[in-house]
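Here is the structure we will look at, set down as structure tokens.
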Protein chains: 2
Amino acid sequence: MTETKLITPKKLKGFWELMPKEQLLFSSILDKIEEVFKKNCFLPLDTPVLEYSEVLLAKSGGSVDKEIYRFTKGDTDMCMRYDLTVPLARFVSMHKDELDFPFKRFQIGKVYRGERPQKGRFREFYQCDADIIGDGDLSIVADAECISLFEKCFKALKLEIEIHVSNRKFLAGFIDFIQMKDKTSEILIILDKLDKISEEDAIQELMELGIGYNECATLIRFTKTKGSFKEVFKALKLYCGNETSNAGLYELQELEKYLDDFGCENVIVDMGVIRGHNYYTGTVFEGFLKGNEGGAVGGGGRYENLCGYFSEKNMPGVGMSVGVTRLFDILMQNGHFEKEKTNEIDIAVINFDNTLDDSLRIVNDFRERGIKAECFYENKSFKSKMKEANRRQVKYILVVGEDEVKTRRFNLKNMETGEQTAMDLQEVVETISNSHEN
Amino acid sequence: MTETKLITPKKLKGFWELMPKEQLLFSSILDKIEEVFKKNCFLPLDTPVLEYSEVLLAKSGGSVDKEIYRFTKGDTDMCMRYDLTVPLARFVSMHKDELDFPFKRFQIGKVYRGERPQKGRFREFYQCDADIIGDGDLSIVADAECISLFEKCFKALKLEIEIHVSNRKFLAGFIDFIQMKDKTSEILIILDKLDKISEEDAIQELMELGIGYNECATLIRFTKTKGSFKEVFKALKLYCGNETSNAGLYELQELEKYLDDFGCENVIVDMGVIRGHNYYTGTVFEGFLKGNEGGAVGGGGRYENLCGYFSEKNMPGVGMSVGVTRLFDILMQNGHFEKEKTNEIDIAVINFDNTLDDSLRIVNDFRERGIKAECFYENKSFKSKMKEANRRQVKYILVVGEDEVKTRRFNLKNMETGEQTAMDLQEVVETISNSHEN
């Protein structure tokens, strides 16, 4: 080994990796979200990380292409997935005759985007997606169910959230009304940038598309409309008339009713929510952590046809996605986890004399009873084992020597209070189990 | 959309993907294994799927290279991981001053090998790994802990397993004794193939390396030695004398004692267990499902220096890995899950008249109480909703019409027994919760 040239160990730039204690916290977030998905009757899916390029790029616009990890092996041209939606479309198209519709699936997995690394953006990150896919039709109830599910995820994480919903049809109808229908996606892209560029610049860009100044001003006014369902309906009713716009407002009204049925409480209407993706056609929404200035921590919406590139069958869908890597990043920076105890080890068994075998048996017995017990079995001094227990913030210590083994009475030390109590092993188990419950 | 050229939706060849009901079963296997790892004080790690090629290929031999998914993006030469051990070595080398040693980590994740697809082999598959890494030294207790952990994983899955252990030092010592030390890895590769090639062919290959016929026969006799610890010690004691061989036998004896401390019951010694990987240096083991003819469903062993390619620090380790994709594949083929109920939906709320809002509220209330409730909210006939409930094997059905909403008395139908009972919602919750417990 000593002759081998050493290679500097390093992780790829822009790739995310947590230390084990942080990973414990992150995993528990994923677990809680998964629990919510399951309770709401969504079924798990776990598609491969790689797909045929032809399949994965079927629907993506030019701007996504540059970011994609694409390569060939043998004759096969493949890509790493950049989201979980295209793989879902591929899966549903392949298995449409075997699935029950509406098909409710969730997937928690990593996706890959070779963007320039920057704060809060990673090249590999987790998405927690849940979607409902209809066969031909899909009730607006599904839109409400997805938004409510999104809210429930954050409730399970004990995080306060505000959800901003809109409906793309309202703006699309107005764009149709001013006879700019073929420029719809360009217009939406400009309006979507209004949190980054000034109103003047946006109007400038819109006018370059051939829209008159007054219509530009109206478009921008629409995107600034924000408030309770009631307030927004009142503000927008005047502008309606066009069939598509009316459908947008009608869907919003239906949505409000069903959100109420699902007990959804933290929703406002915000016509400025557009969502970048081209494929959204109706309801769109984004979630923001209360008291946090940063951008959305997830969102979703309705798309008219999930599988249009793969199948002639019409399959509308609605989905939600929690940007859980970004969320965790924000929470870490906010010091959210500072008071959280990760509880790696419940009890350390520290032995001296010739009691290693007995100590291992005790540890094994504790573990079988669901207690995270550890034995520092390396050949170190009693003192250095105590130090290690301290450093690793172990809550309880059990000292095992030959006398203890003989009498079956052990000293349990609570490291937080300093208290020491002599007891038998059954009492140790009870003490620790009780401390779990508190 | 109709003008778009349709693309055939297909999954990459050799990549694994389960239908949602199978995925439920597979996920529950991963969850149970993770639970065992956590209970035994292993910490989670989740390294990126991609690594620098320089890092990932630092230790791999030529035969692995062909299988690796390697590509460049911009100036970066990278690979998809083919196991979870090299990323662990990279991580430990980078963070050696921040970690507590022995460092016990687990990782459950997908790995990638572009092999020719064949039965039971996949290009993307899960590994469930747990390793213990020492700083300078590592007690043989750690070897026993890993083997015991491996057994506990299968216990948690209610699968009977037999673990075959060996120690590479025994053979290595004999190879040294016959002065073939520089050919050790070639010899081990030949002996490792003895389940695939005949003894005559093996002797032929060994003799081509320059080993005499008698020594070849002895080598093969060693690999056939199999039985309880006691039987094997008796059979092998005569051959010892060489220091390395003696160390191998001594370590096996120590291992037996600690395995006993950890309550490990299903272990035999099998000197034929060699494990392909070059890096194992002491204890090696493999697990076999009882009553199943197929190969090993996992294994592991001791390596003298995990991080030799990245660091001058000596870090011995021992690990175990459950080949959980392969295991699941075997279990599916054995019909292991036929009796398993996946229980997608506990109760379907089927409404008629104008009761959709009430039904959604009821469903939402059930879900909040931990019951998987579903409402078929699509605009379909009562009859077709009943059919759907039947097809999806829903256990209970609650019928909701205007009378039921008014009187707050509902008919709960048990679809297994056909029994119908009128009750209020609180009683419904109790009935279903009780059926969970049974």
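Computed quantities for the displayed model
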{"item": "Matching residues in segment B:33-48 - criterion: being crowded, with 17+ Cβ neighbours inside 10 Å and in a helix (DSSP H, G or I)", "result": "B:I33, B:E34, B:V36, B:F37, B:K39"}
{"item": "Unmet criterion (only one of (1) farther than 23 Å from B:F42 by Cα; (2) touching a residue at least 12 places away in the same chain (Cβ under 8 Å); (3) away from chain A (no Cβ under 11 Å)) for B:E293", "result": "(2)"}
{"item": "Checking A:V318 against (1) open to solvent by 10 Å² or more (accessible area, probe 1.4 Å); (2) in contact with a helix residue (DSSP H, G or I) (Cβ under 6 Å, 6 or more places away or on another chain); (3) more than 9 Å from chain B (Cβ to nearest Cβ); (4) not aromatic (F, W, Y), the condition it does not meet", "result": "(1)"}
{"item": "Positions within segment A:365-391 being small (G, A, S), more than 8 Å from chain B (Cβ to nearest Cβ) and surrounded by 19 or more Cβ atoms within 10 Å (Cβ to Cβ), in sequence order", "result": "A:A389"}
{"item": "Test: residue in segment A:166-174 that is open to solvent by 30 Å² or more (accessible area, probe 1.4 Å), more than 24 Å from the chain's Cα centre (by Cα) and on the phi > 0 side of the Ramachandran plot", "result": "no"}
{"item": "Segment B:209-226 residues that are over 13 Å from B:E199 (Cα atoms), paired with ones that are at pLDDT 95 or above (beta carbon under 6 Å, 6 or more apart)", "result": "B:K226/B:D270"}
{"item": "Residue that is crowded, with 18+ Cβ neighbours inside 10 Å and either among the acidic types (D, E) or more than 14 Å from chain B (Cβ to nearest Cβ) (or both), where the choices are A:I163, A:I189", "result": "A:I163"}
{"item": "Unmet criterion (only one of (1) crowded, with 23+ Cβ neighbours inside 10 Å; (2) facing chain A (nearest Cβ under 8 Å)) for B:D137", "result": "(1)"}
{"item": "Residue ID - modelled with the lowest pLDDT, chosen from residues in segment A:121-132 that are more than 19 Å from A:F42 (Cα to Cα), open to solvent by 20 Å² or more (accessible area, probe 1.4 Å) and within 15 Å of the chain's Cα centre (by Cα)", "result": "A:R121"}
{"item": "Residue in segment A:53-65 that is facing chain B (nearest Cβ under 9 Å), under 21 Å from the mean Cα position of the chain (by Cα), open to solvent by less than 10 Å² (accessible area, probe 1.4 Å) and not small (G, A, S) present", "result": "no"}
{"item": "Given (1) of a type in the set (D, E); (2) in contact with a helix residue (DSSP H, G or I) (Cβ under 9 Å, 6 or more places away or on another chain); (3) not in a loop (DSSP other than H, G, I, E, B), number of the condition B:D182 does not satisfy", "result": "(2)"}
{"item": "All positions within segment B:127-154 that are over 9 Å from B:M320 (Cβ atoms) and out of contact with any helix residue (DSSP H, G or I) (no Cβ under 8 Å at 6 or more places or on another chain)", "result": "B:D135, B:G136, B:D137, B:L138, B:S139, B:A142, B:E151, B:F154"}
{"item": "Hey, A:D65 touching a Leu at 6+ places or on another chain (Cβ under 9 Å) and closer than 30 Å to B:G370 by Cα or not", "result": "no"}
{"item": "Yes/no for A:K73 being free of Cβ contacts under 8 Å to residues at least 12 places away in the same chain and at the interface with chain B (Cβ under 9 Å from one of its Cβ atoms)", "result": "yes"}
{"item": "Within segment B:311-404, strands (runs of 3 or more DSSP E) holding 3 or more residues that are within 38 Å of the chain's Cα centre (by Cα), closer than 30 Å to B:D100 by Cβ and touching a residue at least 60 places away in the same chain (Cβ under 8 Å)", "result": "B:317-322"}
{"item": "Per-region count, segment A:12-32, residues hydrophobic (A, V, I, L, M, F, W, C), facing chain B (nearest Cβ under 9 Å) and open to solvent by less than 20 Å² (accessible area, probe 1.4 Å)", "result": "4"}
{"item": "Sole residue being modelled with pLDDT of 95 or more and either among the aliphatic types (A, V, I, L, M) or open to solvent by less than 20 Å² (accessible area, probe 1.4 Å) (or both), chosen from B:I330, B:I362", "result": "B:I362"}
{"item": "A:S245, sole failed condition from (1) open to solvent by less than 20 Å² (accessible area, probe 1.4 Å); (2) of a type in the set (S, T, N, Q); (3) out of contact with any Lys or Arg (no Cβ under 8 Å at 6 or more places or on another chain)", "result": "(3)"}
{"item": "Failed condition for B:C307, given (1) farther than 19 Å from B:L56 by Cα; (2) open to solvent by less than 10 Å² (accessible area, probe 1.4 Å)", "result": "(1)"}
{"item": "Scan of segment B:96-108 for residues that are open to solvent by less than 30 Å² (accessible area, probe 1.4 Å), closer than 27 Å to A:K110 by Cα and within 9 Å of another protein chain (Cβ to nearest Cβ), ordered by number", "result": "B:L99, B:F103, B:K104, B:R105"}
{"item": "Hey, A:I362 within 11 Å of chain B (Cβ to nearest Cβ) and not charged (D, E, K, R) or not", "result": "yes"}
{"item": "Some residue of segment A:50-59 being touching a strand residue (DSSP E or B) at 6+ places or on another chain (Cβ under 7 Å), modelled with pLDDT under 95 and of a type in the set (S, T, N, Q)", "result": "yes"}
{"item": "Residues satisfying the stated conditions in segment A:405-438, i.e. polar (S, T, N, Q) and part of a strand (DSSP E or B)", "result": "A:N411, A:N414, A:Q420, A:T421"}
{"item": "Matching option when the condition is open to solvent by less than 60 Å² (accessible area, probe 1.4 Å) and at positive phi, among A:G418, A:G401", "result": "A:G418"}
{"item": "Filter result for A:G282 (buried (at least 23 other Cβ atoms within 10 Å of the Cβ) and more than 14 Å from chain B (Cβ to nearest Cβ))", "result": "yes"}
{"item": "Filter result for B:E254 (more than 23 Å from the chain's Cα centre (by Cα), within 14 Å of chain A (Cβ to nearest Cβ) and either touching a residue at least 24 places away in the same chain (Cβ under 8 Å) or part of a loop (DSSP other than H, G, I, E, B) (or both))", "result": "yes"}
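Quick grid of which residues meet (1) assigned to a helix (DSSP H, G or I); (2) over 18 Å from the mean Cα position of the chain (by Cα); (3) more than 7 Å from chain A (Cβ to nearest Cβ):
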position	(1), (2), (3)
B:I7	no, yes, no
B:K10	no, yes, no
B:E67	no, yes, yes
B:C79	no, yes, yes
B:Y82	no, no, yes
B:P87	yes, no, yes
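Results for (1) farther than 23 Å from B:R70 by Cα; (2) in contact with a strand residue (DSSP E or B) (Cβ under 6 Å, 6 or more places away or on another chain), shown as yes or no for each residue.
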{"residue": "A:D75", "(1), (2)": "no, no"}
{"residue": "A:F91", "(1), (2)": "yes, no"}
{"residue": "A:E98", "(1), (2)": "yes, no"}
{"residue": "A:K104", "(1), (2)": "yes, yes"}
{"residue": "A:Q107", "(1), (2)": "yes, yes"}
{"residue": "A:R116", "(1), (2)": "no, no"}
{"residue": "A:R121", "(1), (2)": "yes, no"}
{"residue": "A:G136", "(1), (2)": "yes, no"}
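The values are calculated or read from the model by the stated rules, or taken from the named source; none is laboratory data. Note that the structure is a prediction, hence the values are computed from the model and not measured. Glycine gets a Cβ as well: all are built from the backbone with ideal geometry, and neighbour counts include every protein chain shown. Each accessible area value is taken on the protein alone, full model and side chains, heavy atoms only, with ligands, DNA and RNA left out. Shrake-Rupley method; radii C 1.70, N 1.55, O 1.52, S 1.80 Å.
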